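The values are calculated or read from the model by the stated rules, or taken from the named source; none is laboratory data. Since this is a predicted model, take the numbers as computed values, not measurements. Positions of Cβ are backbone-derived with ideal geometry, glycine not excepted, and every protein chain shown enters the neighbour counts.
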Amino acid sequence: MTTDQIWIIARSAGTAALVALVLSILSGMALRSGALAWLSHNRGVRAVHDLTSILWLPLVVAHVITLMLDPYAKVGVIDLFIPFLVSYGSFAIGLGTISLQLIAVVLIATWLRSRLTQQGWLAIHRLSYVAFVGSFAHGLLAGTDFAQPLLGALAWLTAAVLAIVAFRRLTATRARQSPARSKTVAIP
Amino acid sequence: MLAGTFRDELVLVKQPKRSPLVSSVNAIRALAAGITMLSLAGMTVYAGDHLHNTTAPLQPTVAAAATTAPAAASATSSSTGRLQLTRGVSTTTTRALTSTHHS
């Protein structure tokens, strides 16, 4: 495999991993808010959430391995565990490391869900939002392709859609909680 | 009065629930997998055509300068636009250790 081929796989796998992560987060948020009710019922949205979480894994493994093989990226095994050690673009690459670790924690927590409390699992699962923001910033600051106008516009559009769905979910959750809260106050 | 009655009847009319576009779980699963794989394939083709992006935030020259890779051993490739690390042919002034029939 040539250096160019390694570089191409690293870029495409990284972008596809981000796409899988976007689909996973979007379907996860849509489970509660019903934002994708026009597309599929909740069982279908749940299936997408589960599938894309699994699809993300081989893509990110391919992204990391190819970058470790790339003579210019100079990413070592230690950079998978300790962020911000890379000699160049350390912040941008470190964000990717942190995001990878966070999603790994979320996936492990999902597999061990039966051993965790609901609150504990939910707290860990919500780390995926932080991981997505980190991954997106990693793509922006270190990605070769986000600098292209068309791909950059697509990425920002996707992020805007996610932000809208997140806002809808947040408002829906607050609307559900507010009557219960007012009832609690009314009880002497 | 008529309007009031009509309104009351309207309330009783149950709106039919709109069915989603994709009702099959396998179909929606295939759609999600298709989007991901299409992005992988599309980016592979795109990256193959645009191997080097001069507006990218991280440039290979910066990476090469930041590391202790021997700059003298690297050579540029004009066909791809991306710097290629190649093993330089080592030259030495010492005598060769091996000999041939002609030497």
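Tabulated results
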| read-out | value |
| --- | --- |
| Residue in the range A:37-44 that is among the basic types (Lys, Arg), assigned to a helix (DSSP H, G or I) and at the interface with another protein chain (Cβ under 8 Å from one of its Cβ atoms) present | yes |
| Residue match in the range A:65-72 (condition: modelled with pLDDT under 95, more than 12 Å from chain B (Cβ to nearest Cβ) and not in a helix (DSSP H, G or I)) | no |
| Filter result for the condition that a residue is assigned to a helix (DSSP H, G or I) and surrounded by 17 or more Cβ atoms within 10 Å (Cβ to Cβ), over A:136, A:91 | A:136 |
| From A:114, A:99, residue being within 27 Å of residue A:32 (Cβ to Cβ), assigned to a helix (DSSP H, G or I) and modelled with pLDDT of 95 or more | A:99 |
| Residue under evaluation residue A:101, criteria (1) surrounded by fewer than 19 Cβ atoms within 10 Å (Cβ to Cβ); (2) at the interface with another protein chain (Cβ under 9 Å from one of its Cβ atoms); (3) under 19 Å from the mean Cα position of the chain (by Cα), criterion not met | (2) |
| Criterion violated by residue A:48 - all others in (1) aliphatic (A, V, I, L, M); (2) outside any helix (DSSP H, G or I); (3) modelled with pLDDT of 95 or more satisfied | (2) |
| Residue within the range A:17-33 that is among the hydroxyl-bearing types (Ser, Thr, Tyr), facing chain B (nearest Cβ under 9 Å) and without any contact (Cβ under 8 Å) to a residue 24 or more places away in the chain present | no |
| Unique residue being in a helix (DSSP H, G or I), closer than 30 Å to residue B:56 by Cβ, of a type outside the set (Gly, Ala, Ser) and at the interface with chain B (Cβ under 8 Å from one of its Cβ atoms) when the list is A:59, A:80 | A:59 |
| Conditions (1) within 23 Å of residue A:163 (Cα to Cα); (2) buried (at least 22 other Cβ atoms within 10 Å of the Cβ); (3) among the small types (Gly, Ala, Ser); number of the one not met by residue A:33 | (2) |
| In the range A:54-71, residue surrounded by the fewest Cβ atoms within 10 Å (Cβ to Cβ) [restricted to those that are in contact (Cβ under 8 Å) with a residue 40 or more places away in the chain and not aliphatic (A, V, I, L, M)] | A:71 |
